[in-house]
Structures are given as C-alpha cells and as structure tokens.
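Let me begin by presenting the structure, written as structure tokens, before commenting on it.
The values are calculated or read from the model by the stated rules, or taken from the named source; none is laboratory data. Given the structure is predicted, the values throughout are model-derived calculations rather than measurements. With ideal geometry, Cβ positions are generated from the backbone for all residues, glycine too; neighbour counts draw on all protein chains shown.
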Amino acid sequence: MKLPQRWYECVLCREPTQHAVCGNRLLSRWEIMRLPAEEPPASSWRCAAHRPYKLRAANAVWASVLGDLCFRLVCGHVVQCVFRGEWGYTQAMIERGLTTGELRLDQRRRCFTCGDLEQEGNHR
C-alpha cells in the first residue's frame, strides 16, 4: 500500500504512523524532520501498538559534545534530547539546572528500550 508522504510504515507491522522512537524518545514526524543532519540519533517508525515504554528515574545527566541533553536512566538506558546549535546544552547549564530544579533526576522518563525488551520477553 502506498502511503501519503506524511505517513510512514511501522517497522514491525507496516501500519501507518506519524511517530518514531528516536534516541529512546517518542517524536512526531515534524520533530523528526527538524532533527539536525549531523549525527542524528537512530530512529524507528512505530505505530501505537509498537511503542511500549516503562517509566524510569534518571541517575545521571550530561551534555553531549554536540550540545544534546542526555539522561542515563536507572535501568542503564540513555534518553537523548537533541538541542544542538544555539539551543545546545553545556555542562555549566546542566549544573545550574540541577541546582535550580529546572532539571531533576527523580523525574521519571519514558524508556522505550525497556518497553521493547519487556514486550519481546512476553512473546517468547
């Protein structure tokens, strides 16, 4: 089936979708289109049935060399938020954000990697 340009096929079941798991985050097609061309995180188009997640707290946060905000979750997986260019993060910005409460490690984040692993385990 030929899909209109604004729809993509789920990599697992080929259902139409406008969302992708990218950098362990769920992004819309508009957000995917705005990702910088330089070293974009891997993405996987997913329909609603194939984007399970688990909520996890973070135990570390840092700025990547490119200015992305990265959280290591208690499960060991990383969530990457792309903020390159003039909006990019620095380590000083992260330290200030942790001090002011703008950034919090206890705030639970979606881990799509854990959701995929759990779903894979349930299908065995």
Practice problem: Give the stretch 41-66 a look and list any residue that's over 12 Å from Val79 (Cα atoms), outside any loop (DSSP other than H, G, I, E, B) and of a type in the set (Lys, Arg), or say none. | Solution: Lys54
Quiz item: Looking only at the stretch 82-102, which residues are under 23 Å from Ser28 (Cα atoms) and either modelled with pLDDT of 95 or more or surrounded by 16 or more Cβ atoms within 10 Å (Cβ to Cβ) (or both)?
Solution: Val82, Phe83, Arg84, Gly88, Tyr89
Exercise. Could you grab me the full set of residues in the stretch 93-118 that are part of a loop (DSSP other than H, G, I, E, B) and either within 20 Å of the chain's Cα centre (by Cα) or under 14 Å from Gly76 (Cβ atoms) (or both)?
Key: Glu102, Leu103, Arg104, Leu105, Asp106, Gln107, Arg108
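Being outside any strand (DSSP E or B) and surrounded by 14 or more Cβ atoms within 10 Å (Cβ to Cβ) is the filter here, so list the residues in the stretch 9-19 that pass it.
Matches in the stretch 9-19: Cys10, Val11, Leu12, Glu15, Gln18.
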Quiz prompt | Residue that is farthest from the chain's Cα centre (by Cα) [pool: residues in the stretch 76-92 that are under 15 Å from Leu103 (Cβ atoms) and part of a loop (DSSP other than H, G, I, E, B)] | solution = Thr90
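One line per residue, one yes/no per condition, for (1) among the acidic types (Asp, Glu); (2) modelled with pLDDT of 95 or more; (3) touching a strand residue (DSSP E or B) at 6+ places or on another chain (Cβ under 8 Å):
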| site | (1), (2), (3) |
| --- | --- |
| Asn24 | no, yes, yes |
| Met33 | no, no, no |
| Ser43 | no, no, yes |
| Ser64 | no, no, yes |
| Cys70 | no, yes, yes |
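Can you tell me which residue is surrounded by the fewest Cβ atoms within 10 Å (Cβ to Cβ) among those in the stretch 20-35 that are of a type outside the set (A, V, I, L, M) and in contact with a helix residue (DSSP H, G or I) (Cβ under 7 Å, 6 or more places away or on another chain)? Step through it out loud before you land on a result.
Taking the stretch 20-35 and keeping what is of a type outside the set (A, V, I, L, M), we get 22-25, 28-31, 34.
Next, from what is left, pick out any that are in contact with a helix residue (DSSP H, G or I) (Cβ under 7 Å, 6 or more places away or on another chain): 22, 24.
Numbers: Cys22: 21, Asn24: 24.
Taking the candidates together, the pick is Cys22.
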